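Quick notes on the structure that follows.
The values are calculated or read from the model by the stated rules, or taken from the named source; none is laboratory data. Remember, predicted model here, so these are calculated numbers, not experimental data. Cβ placement follows ideal geometry from the backbone for every residue including glycine, while neighbour counts extend to all protein chains displayed. Keep in mind that these areas ignore ligands, DNA and RNA; they rest on the heavy atoms of the full protein, side chains included. Shrake-Rupley method; radii C 1.70, N 1.55, O 1.52, S 1.80 Å.
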Number of protein chains: 4
Amino acid sequence: MAGSTFGTIFKITTWGESHGKALGVVIDGCPAGLPLNEADIQRYLNRRKPGTSNITTPRKEDDEVEILSGVFEGRTTGTPISLMVKNTSQISKDYSEIASYYRPGHADYTFDQKYGFRDYRGGGRSSGRETIGRVAAGAVACKILEQLGVQVTAYTRSIGNVSINPENFDRNAILNTVTAMPDYEADKAAVAFLENARKSSDSVGGCMECMVEGVPAGIGEPVFEKLDANLAKAIMSIGAVKAVEIGDGTAVSSRLGSKNNDSFRIKDSSIVKQTNHAGGILGGISDGDTIIVRAHVKPTPSIFQTQQTVNKSMEEIDIQIKGRHDPIIVPRAVVVMECMTALTVLDAMLVNTSSTMDGLERFYK
Amino acid sequence: MAGSTFGTIFKITTWGESHGKALGVVIDGCPAGLPLNEADIQRYLNRRKPGTSNITTPRKEDDEVEILSGVFEGRTTGTPISLMVKNTSQISKDYSEIASYYRPGHADYTFDQKYGFRDYRGGGRSSGRETIGRVAAGAVACKILEQLGVQVTAYTRSIGNVSINPENFDRNAILNTVTAMPDYEADKAAVAFLENARKSSDSVGGCMECMVEGVPAGIGEPVFEKLDANLAKAIMSIGAVKAVEIGDGTAVSSRLGSKNNDSFRIKDSSIVKQTNHAGGILGGISDGDTIIVRAHVKPTPSIFQTQQTVNKSMEEIDIQIKGRHDPIIVPRAVVVMECMTALTVLDAMLVNTSSTMDGLERFYK
Amino acid sequence: MAGSTFGTIFKITTWGESHGKALGVVIDGCPAGLPLNEADIQRYLNRRKPGTSNITTPRKEDDEVEILSGVFEGRTTGTPISLMVKNTSQISKDYSEIASYYRPGHADYTFDQKYGFRDYRGGGRSSGRETIGRVAAGAVACKILEQLGVQVTAYTRSIGNVSINPENFDRNAILNTVTAMPDYEADKAAVAFLENARKSSDSVGGCMECMVEGVPAGIGEPVFEKLDANLAKAIMSIGAVKAVEIGDGTAVSSRLGSKNNDSFRIKDSSIVKQTNHAGGILGGISDGDTIIVRAHVKPTPSIFQTQQTVNKSMEEIDIQIKGRHDPIIVPRAVVVMECMTALTVLDAMLVNTSSTMDGLERFYK
Amino acid sequence: MAGSTFGTIFKITTWGESHGKALGVVIDGCPAGLPLNEADIQRYLNRRKPGTSNITTPRKEDDEVEILSGVFEGRTTGTPISLMVKNTSQISKDYSEIASYYRPGHADYTFDQKYGFRDYRGGGRSSGRETIGRVAAGAVACKILEQLGVQVTAYTRSIGNVSINPENFDRNAILNTVTAMPDYEADKAAVAFLENARKSSDSVGGCMECMVEGVPAGIGEPVFEKLDANLAKAIMSIGAVKAVEIGDGTAVSSRLGSKNNDSFRIKDSSIVKQTNHAGGILGGISDGDTIIVRAHVKPTPSIFQTQQTVNKSMEEIDIQIKGRHDPIIVPRAVVVMECMTALTVLDAMLVNTSSTMDGLERFYK
């Protein structure tokens, strides 16, 4: 089946493998009239680029985006926007060894079971490079949201046992630290922690968080298309994510109702919540408060220690993975989370434009 | 927009409000030839019925299901199966008070913001009774899965701070305890805990877990339609769920790769994983191991203490909620989780039937 | 798979068989705030009821609609509207004969081939009664369209060789003639023609047409979701329809471009077309002119002459169909065409509410 | 909204404008294991290329396809297949005139009304070049169908008043005549007719037909996803098509039931129909007979006579279109019809793989 399409109105379809000719995305359903150029998108792609620090793979990937359609005289036309990034640095090397066995923690085995064989070069379609299409499309979603007064901000919340200190929260740090932490001190500690892990040929998990500010109350559909349900899908679909939380998340399961309910109050003639345990969503619909999503990411499965596995001849073997791999996925995945969140929220807002007769009559009269 | 439909091939559409005439579901895409009768479905609906113990609301709801279409001579015909449960015990009472303000933790405010007004009787469409359609459809999915050798089992894992002890795990206890815990001892402790909460007019959160055994490796689509992504959506779409975990879930974010990877081994001439941190899913595709999903559920928002809120005249007021409400949602939500999981896994299996040329040629030759 | 759902935003799912307990439809995605009651819908259902004249089956079907959900205090709430019609006059008779063979021109054989067996009572799901759900949902669509200034009108254009005379076109005649022709004279001729066909135990085909007035220019999506493409699907999905035309339809294939192009002109400060060969749609998008759709309907396959066919034991046999059948489908199908057209146009208008940044910003600011 | 995606399982998304950088398509949901290379696709694209005769535009378009993803070691991997054709011969010319007014019969006016502005270079997204993506994807569908024993064949049936003679039907002629007629004599007459039209600066309409042989009985879903409904949508979505017929099509509306029903008979131990008025589809489901679809195509709207229209300043003006345009669309559209038919039939076959419990159990056991 088709698993590479996301969204109802703002619909994206990604394509491409780690070591193929190119990767890309087609955005269908982007409203007409948005000013858009390559730089708007490149800015986001650069945030997921590796090779920028010790804690990411030293592979060099240019990841230059090209707009192939859907933009005319600097504005979107309402027709499909095709975005492509060519694979330039894929070294032609010998993959025969990796082709023969299943790496623990990777999708080698499950792809073979599903399709009968797989593109084994660098993970093929299950590679992290698949997210290039998500980020390119998400950059466009972010630009639209900005014009509607909505801001999406993702960052690293913890790496191993090193967490950010909410009191040190500094939005500028996100783009200025190699960990994408909004806390310069935590960043320093996390870098040291990662250095140790790397020395013992190990990898590390982490947690990332995304805030969405400025979403009007009333966005999201009841029952199955709840805003939080679609956020959970969007974020869990990012490779290596194993848990998604909304608002206070897992903490609610050991809490009393009297401590978990957010009281409504009046502030500046508007209805607000006194606290935000709910993370900005009630009954699957935005309540006007900041939306909070959190994702827990497993350690990079490619580690440089000897591991046990089996090969396609059904033999148990010991393997030693080679190559260039990030010791942690999180810092580069932060922008992916930001983009998937933006895509989900924007699509929900577009879907919502026909929710009432009032809105409909206003549009057509 | 339409938010009440779930699934690609096995597609369900639920309808109905807490205090309307009836609630129901239409299943479209059920394979033809499945033996099916009302008792198959009633068995599941009975598990979500209230009034069976001290820890659920004393409201009496019969929730008797009727098959209106799609079954002929005891077997499904492949055409839509319409299932209906009439609302019988909805007392005509005065809702004018509740209509005037927004209950904390409920969807009253967000529905009003989205639609301009709302059916305020008992929560309307955002009521827990909405899950009747999910459970009725899920019962059919479970029956199909059983015939394919797949078993879905959900249970309560913790209530407040009372967790089950894995060493006491007893599958029979799930249907025999009021808490739906698979551990008679934990059940006793949890009941005591709930009794205390009720005495202080408070409510309690909890955690539920679902295991799926017997799913063949290779189920789930890459990228956006990953099996875990769709499970996350399915489970997060259940009212009051605030976090979803797959396998070791949140624990992975503070773990090293060498401890998190599951080694592949050979057992009885088959490929198996030595551990199951991954929860049965790698790269979004089932790996043949037991699938593990966990959901964290917030405390019932309806509590009997005085709470602060605002009314539709934009005044800050104190309210005292009346009525009949469960002090905890989890024990009755367990069967909803089981059903949503079954619906997701079955749909992924149906979608998978056309994934290879081999499979296709086998079907048509 | 699921074949019983239609629409993207205004999404309907029909269910029910000819001789089951009931038939119905769930509308999901209806804008909130529309005044709606049973009478609004009954009015349309009555137009497809049989037993009202010599040219329709003498079966009596009450077809009384019940609103089960989605309407509160007389207005739609934005949540699913469940509509049900109970089957009351289905006589329990012996179907063993009809179950054993395949009626020519019916779906008996193809249902058996697809599903392995079929509900053979009165055609089951392939019965004309399936359209009850379409008409009930279409009535709601028509009511919304009326509020937006759009009027949908279908009528019979020809029966056998008897066509309406455009010069006699009288809108009132549609609801006042047994043939649903907008021409009293043609109606008289057609009734005579039908009487002859009935006497020779034969049935007759016909052509129906639908006009949509008041659709603003700009509705419909390019490429695959063209307005005419979706109309073609909607109308061809009505049982017995074998051809669909837009505007001048089949006539264009033998025409010169200089005769087929519609010139644009200015009238009352608006852009209009001097002619309407295009039928109100250019490039799949409405051009502001009247939309014209035509459907050709085959003769009722149930005729009372001896016919040749085969039975399930693979024997060639002669059969003589009994029962109550319309000698022509068209007069009762006209309201089905009106409803499917309304559903298609309304859905395209709802989808269009997010086509430009201007529209989006107007909605959210 | 997104209008550029087609299909449920075999899902294609096309992109690109007439004068943009490139055009292409992403196929998501192609079964894994199909041998595929560029030549398989190029063969189909060459059939829609212009410049091959007097009756097509003298524009030269190379239309060379490149496979960017989804194929590994010569076989499809089950992941998205991205196909691209670069625009090479798009001359940078002055479009300011065409940008200022609305060409009769084109989508200039409706695109402006929908989106606020348009890419006016060569029709932008409403250009016939948009079909490149359809044909590239359709070529892959045709290859799969061939492996399943299904053959799709489209051809020109009439041009103006020149029709093929069924007695002269010669399959080889389709690819060997400039008109794509399966009748060398009719081809000669049609070419003469076209020459006359061209001399009078006019254009001509035509009719094309498609046969699908070898489809097993049982394909297609009831109600809205009928095989003929989806064929009608697919074919009507091709620019310039104004009518779609199945089997005997429009002829059925003036016919008696006794002449229109196809009797079932036994032949070589199989059930067959004695005639095929139905065009291979009963109740929306294939009956095992040849599927017949017909499309009526309007004359090319770009003619070289003086025409009346309006400009964006709301003035009535006379225009004279320049450039290179086919006097008839049909011969190049035949392969587009073949491809859209193949895509529709293949998708219906893929969807059908989970229609019965028997099929499902066979797949999973």
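Summary of computed values
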read-out: Rel. contact order, % - alpha carbon contacts under 8 angstrom, at least six apart, the range A:5-364; value: 21
read-out: At 1.306 mPa s and 10 °C, Stokes D of the range D:153-227 from Kirkwood alpha-carbon radius, µm² per second; value: 114
read-out: Amide H contacts of A:Asn87 (H built 1.01 Å from N, under 5 Å, at least 5 apart or other chain); value: A:Ala22, A:Leu23
read-out: Binned Cα-Cα distance frequencies in the protein assembly as shown - 20 Å width, integer %; value: 10, 39, 38, 13, 1
read-out: Residue-wise HN-Hα coupling along the range C:205-220, computed from phi with Karplus coefficients 6.51, -1.76, 1.60 (Hz; x: Gly, Pro); value: x, x, 10, 10, 9, 9, 10, 10, 10, x, 6, x, 5, x, 9, x
read-out: Spatial separation of Cα centroids for the range B:126-187 and the range D:197-275, in angstrom; value: 52
read-out: Rounded tilt (10° steps) of C:38-48 against the dominant C-alpha axis of chain C; value: 60
read-out: Rounded, prolate or oblate (a/c below 1.5 giving rounded, otherwise prolate when a/b exceeds b/c) for the range D:102-235 by Cα gyration tensor; value: oblate
read-out: Under-5 Å amide H pairs with D:Ile281, H placed in peptide plane, nonlocal only; value: D:Asp287
read-out: Rounded to whole Hz, the Karplus (6.51, -1.76, 1.60) HN-Hα couplings of the range A:252-265, x for glycine and proline; value: 5, 6, 10, 10, 8, x, 5, 9, 9, 5, 9, 5, 8, 9
read-out: Global geometry of the range A:189-271, whether rounded, prolate or oblate, following the gyration tensor of its Cα atoms and the 1.5 cut on a/c; value: prolate
read-out: Relative contact order computed over the range D:235-365 (Cα-Cα under 8 Å; 6+ residues apart), in percent; value: 21
read-out: Against the rule of thumb 2.2 N^0.38 Å, how large the Cα Rg of the range C:217-365 comes out; value: 1.45
read-out: Amide hydrogen neighbours beyond the local backbone of B:Leu34, cut-off 5 Å, H modeled; value: B:Thr76, D:Met357
read-out: Tensor-based shape of the range D:125-187 (alpha-carbon gyration tensor, a/c under 1.5 rounded, otherwise prolate or oblate); value: oblate
read-out: 0 to 90° range, to nearest 10: angle between helix B:227-236 axis and chain B longest Cα axis; value: 10
read-out: Chains B and A together, accessible area buried on both sides, 1.4 angstrom probe, square angstrom; value: 8600
read-out: Cβ-placed point charges (K, R +1; D, E -1), dipole of the protein assembly as shown about Cα centre in debye, nearest 20; value: 0
read-out: Ascending list, in nanometres, of distances separating the B:Phe169 label from those of the other copies (7 Å, Cα toward Cβ); value: 3.8, 6.5, 7.3
read-out: Accessible area per residue in Å² at 1.4 Å probe, computed on chain B; value: 31
read-out: For the axis carrying chain C to chain A: nearest C-beta residue of C, whole Å; value: C:Thr353, 2
read-out: Estimated FRET transfer efficiency when R0 is 60 angstrom, pair A:Glu167-C:Asn311 (beta carbons, to 0.05); value: 0.15
read-out: Charge dipole (debye, nearest 20) of chain C; +1 at Cβ of Lys and Arg, -1 at Cβ of Asp and Glu; value: 380
read-out: Acute angle (nearest 10 degrees) that the helix D:330-351 long axis makes with the longest principal axis of chain D, alpha-carbon atoms; value: 40
read-out: Threshold 30 Å², the range C:1-16 residues less accessible with all protein chains present than alone (1.4 Å probe); value: C:Met1, C:Ala2, C:Gly3, C:Ser4, C:Thr5, C:Thr8, C:Ile9, C:Lys11, C:Thr13, C:Trp15
read-out: Percent carbon-and-sulfur accessible area, chain A, ignoring ligands, DNA and RNA, probe 1.4 Å; value: 46
read-out: Relative contact order computed over the range D:145-241 (Cα-Cα under 8 Å; 6+ residues apart), in percent; value: 31
read-out: Largest-first principal axis extents, alpha carbons of chain B, Å; value: 66, 50, 37
read-out: Burial of 20 Å² or greater, the range C:235-249 residues [accessible area, probe 1.4 Å, versus chain by itself]; value: C:Met236, C:Ser237, C:Lys242, C:Ala243, C:Val244, C:Ile246
read-out: Alpha carbon convex hull of the range C:304-365, volume per residue in cubic angstrom; value: 180
read-out: Cα-Cα over 23 Å, subset of C:Lys226/C:Lys267; B:Lys226/C:Lys114; D:Lys226/D:Lys273; C:Lys21/D:Lys273; B:Lys226/D:Lys11; D:Lys21/D:Lys143; value: C:Lys226/C:Lys267; B:Lys226/C:Lys114; C:Lys21/D:Lys273; D:Lys21/D:Lys143
